[in-house]
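Report on the following structure.
The values are calculated or read from the model by the stated rules, or taken from the named source; none is laboratory data. It should be emphasised that the depicted structure is a prediction, and the values quoted were computed from it without experimental measurement. Every residue, glycine as well, gets a Cβ built from its backbone with ideal geometry; the counts of neighbours run over all protein chains shown.
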Amino acid sequence: MEAPLIRQCLANIECKVVNTQLSGKYNLFVVAAVKAWVNHDRREQRIFHHKGDGTFSVDGRTRDLKAKMTKWKEITSVLLC
């Protein structure tokens, strides 16, 4: 069975859940990418990149969203185990 794809998206990423320890408290699931698809028929092909510190790059322009990102000490300790 293949993962359902969203036709309107530029890309789709199929993931599998690898850690559910934070799902009860934060509704957070840690996933690992299994396979990716790119829609080459889509006209708009902007590049979007998460830099890992609350900033994002969209076609070379940086977007600072640090104020909207939340850091929990429990997440760091669980993910590093």
Residue in region 60-77 that is surrounded by the most Cβ atoms within 10 Å (Cβ to Cβ), counting only those that are in a helix (DSSP H, G or I) and at pLDDT below 65: 75
In region 16-58, the residues that are part of a loop (DSSP other than H, G, I, E, B) and surrounded by 12 or more Cβ atoms within 10 Å (Cβ to Cβ): 21, 22, 28, 29, 39, 42, 54
